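Worksheet for the structure shown next.
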Amino acid sequence: MDFSDLERKMLELLNQEQIIQDFHNTYKYVFVDEYQDINPMQDELINILLSSSSKLFLVGDVKQSIYGFRQSTPELFINAYKSYKTNPKLGTSFDMTINYRSHPQILEFNNEVFSHLMTDKSSDIDYAGTSKFSPQRTDFPNSKAVEILIANTDAEQESDIASGMYSVANHLSKPSFS
């Protein structure tokens, strides 16, 4: 059996009244991590697992959606996110934007890139308004030590192609997006 076979088999099992009743009587909490990577069948399974008294906890980051080849549908995450943000009766929504792990320059670069890529118009997410990282680390010895490298595909820059990488700091004063 492959992964999709297991999903279908689980759906068959949960459609049996005794099994779902046992599940509902045993489990009061449903936790889903990486919610941005679920597919419609997994979403159906989650909904079946919920009883009227269940508590649901979802965690996800649409920027990390990587399972399109397995029919993941980031729109399921986006729709849930928007529902919880606009209807407090459904539950509480938290934007987890504080970052204690990464260097502030890396987070600033990510914020710059994703602010242009993820807009209400392009992805139904206002990254600049709701999802920008807030860097909190201050213990790096030299804040100028970070150099962000991007693979170069521009054939006009022969020396950079030879190395395969170039420095954003050396080639751009600020990233330009069209």
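Computed quantities for the displayed model
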read-out	value
Surface per residue (accessible, 1.4 Å probe) for the range 1-139, Å²	66 Å²
Whether the range 1-92 is rounded, prolate or oblate, judged on the alpha carbon gyration tensor where a/c under 1.5 counts as rounded	oblate
Percent of C-alpha pairs per 10 Å bin, the range 1-160, short to long	9, 27, 29, 20, 11, 4, 1
Overall form of the range 86-143 per C-alpha gyration tensor (a/c, 1.5; a/b vs b/c)	oblate
Inter-probe distance in nm under a simple model that places probes 7 Å from Cα toward Cβ, at S53 and Q136	3.6 nm
Nearest-10 value in Å² for the accessible area of Y81, using the 1.4 Å probe	40 Å²
Within the accessible area of the range 43-144 (1.4 Å probe), percent carbon and sulfur	53 percent
Rounded, prolate or oblate (a/c below 1.5 giving rounded, otherwise prolate when a/b exceeds b/c) for the range 37-132 by Cα gyration tensor	prolate
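The values are calculated or read from the model by the stated rules, or taken from the named source; none is laboratory data. Computed from a prediction, not measured in an experiment: that's the story for all the values here. Note that we place each Cβ from the backbone using ideal geometry, even for glycine, and neighbour counts take in every protein chain shown. Calculation scope for accessible area: heavy atoms of the full protein, side chains included, ligands and nucleic acids excluded. Shrake-Rupley method; radii C 1.70, N 1.55, O 1.52, S 1.80 Å.
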